[in-house]
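Working notes for the structure below.
The values are calculated or read from the model by the stated rules, or taken from the named source; none is laboratory data. Quick caveat: nothing in here was measured; it's all calculated off a predicted structure. All Cβ positions, even for glycine, are placed from backbone atoms using ideal geometry, and neighbour counts span all protein chains on display. Keep in mind that these areas ignore ligands, DNA and RNA; they rest on the heavy atoms of the full protein, side chains included. Shrake-Rupley method; radii C 1.70, N 1.55, O 1.52, S 1.80 Å.
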Amino acid sequence: MEDHADVVGRPPATALAALAVGVVLHLVVPVEIVPPLTTWVLGIPVAIVSLALFLASVREFSRHGTLVRGTEPVIRIVATGPYRFSRNPIYLSFVLLQLGIALTANSVWILLMVIPTLLYLSLGVIDREESYLARKFGDEYGDYKESVRRWV
């Protein structure tokens, strides 16, 4: 058995692909979400929060000497920083960035592409990662999973 989660695809690439599909659809058939003047006020803060969350999450992995890539072995459970509130803050940051871009671009299509991103992350990545972590860390991961929500 290989020592890593058997995830489907690469989460950053797949989230980026969903975003790209939304952008293309928006360019072909633009459909607005809200009146144009409010989009920047809503979208930019969400995008900034997503980037800050991503950077803080990666920093926590680095502080604990474990790797971010799902194709590499997990060395330890990280339960500090953003991981105190969410078991998946990096994936949450992907979704928030897509939401922030959707709001900033005022695009229903980009917003709708959040749905396949969430489905992919939940079913193709997180479920598989959680199975791997439960096998590898047993009760330690079970306790963490009981005390911290999946998303927020």
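Against the definition (open to solvent by less than 40 Å² (accessible area, probe 1.4 Å) and under 14 Å from the mean Cα position of the chain (by Cα)), how does residue 93 come out, yes or no? For residue 93, the condition - open to solvent by less than 40 Å² (accessible area, probe 1.4 Å) and under 14 Å from the mean Cα position of the chain (by Cα) - is met. Just wondering, is there one or more residues in the stretch 23-43 that are within 30 Å of residue 146 (Cβ to Cβ) and surrounded by 13 or more Cβ atoms within 10 Å (Cβ to Cβ)? No, the conditions are met nowhere in the stretch 23-43. Within this structure, residue 104 fails the test of being out of contact with any strand residue (DSSP E or B) (no Cβ under 8 Å at 6 or more places or on another chain), crowded, with 21+ Cβ neighbours inside 10 Å and in contact (Cβ under 8 Å) with a residue 60 or more places away in the chain. Would you mind stating whether residue 49 is farther than 18 Å from residue 96 by Cα and either of a type in the set (A, V, I, L, M, F, W, C) or open to solvent by less than 60 Å² (accessible area, probe 1.4 Å) (or both)? No; evaluated as a whole, the condition is false for this residue. Evaluation of residue 134 against the conditions (1) open to solvent by less than 40 Å² (accessible area, probe 1.4 Å); (2) part of a helix (DSSP H, G or I); (3) over 14 Å from residue 19 (Cα atoms) shows that the sole unmet condition is (1). For the stretch 68-119, a tally of residues being more than 30 Å from residue 35 (Cβ to Cβ), touching a Pro at 6+ places or on another chain (Cβ under 9 Å) and in a loop (DSSP other than H, G, I, E, B) returns 1. Taken over the stretch 52-62, residues that are of a type in the set (Ser, Thr, Tyr) and surrounded by fewer than 13 Cβ atoms within 10 Å (Cβ to Cβ) amount to 1. When the stretch 20-54 is filtered for residues that are closer than 21 Å to residue 86 by Cβ, of a type outside the set (Val, Ile, Thr) and touching a residue at least 12 places away in the same chain (Cβ under 8 Å), the ones remaining, listed by number, are 45, 47, 50, 51, 53, 54.
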